[in-house]
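No value in this document is a laboratory result; all are computed from the given coordinates. Here the structure is a predicted model, which is why all the values come from computation and not from measurement. Cβ placement follows ideal geometry from the backbone for every residue including glycine, while neighbour counts extend to all protein chains displayed.
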Amino acid sequence: MNRAGAATATVLVGLGALHVAWGLGSAFPVGDRTDLADAVAGTDRFPGRTESFAVAGLLGAAATVVAGPSLVPRRLTALGRLGVAAVLGTRGVLGLTNRTGQVVGWTTSPRFDRLDRRYYGPLCLALATGALATRR
């Protein structure tokens, strides 16, 4: 695995761990769960444990695909990386264009929209690029 793959997989694992912590009740990196809900979901109530753990699982699976397990055929790994890049790239574009609220099923807060454009969208695009740049 090259540096792009290692860095991308590491960030995905870290984000997955953060979602596990949120599922267990943490409000990191802000003061309380209401503030966290506004910052990361754009709502006044944080998504439940099931949703947090589901996102953590998807991020872990994405990290595994990007890391390129040797037991998976090369073509399947490449297809998986394309899928990871497509999902993250779509999420990134939605964030940069302030359209995340149109696909999540609720109206997002102005704070979330600002953070989405400034941080979440660009991070997703960087991770998508890292997934595409990964070689085995």
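Helix 3-23 and the longest principal axis of the C-alpha atoms of the chain enclose an angle of approximately 40°.
Overall, the ratio between the Cα radius of gyration of the chain and 2.2 N^0.38 Å, rounded to two decimals, is 1.07. Remark: the stretch 3-130 carries a charge dipole of roughly 480 debye about the Cα centre, counting +1 on each Lys and Arg Cβ and -1 on each Asp and Glu Cβ.
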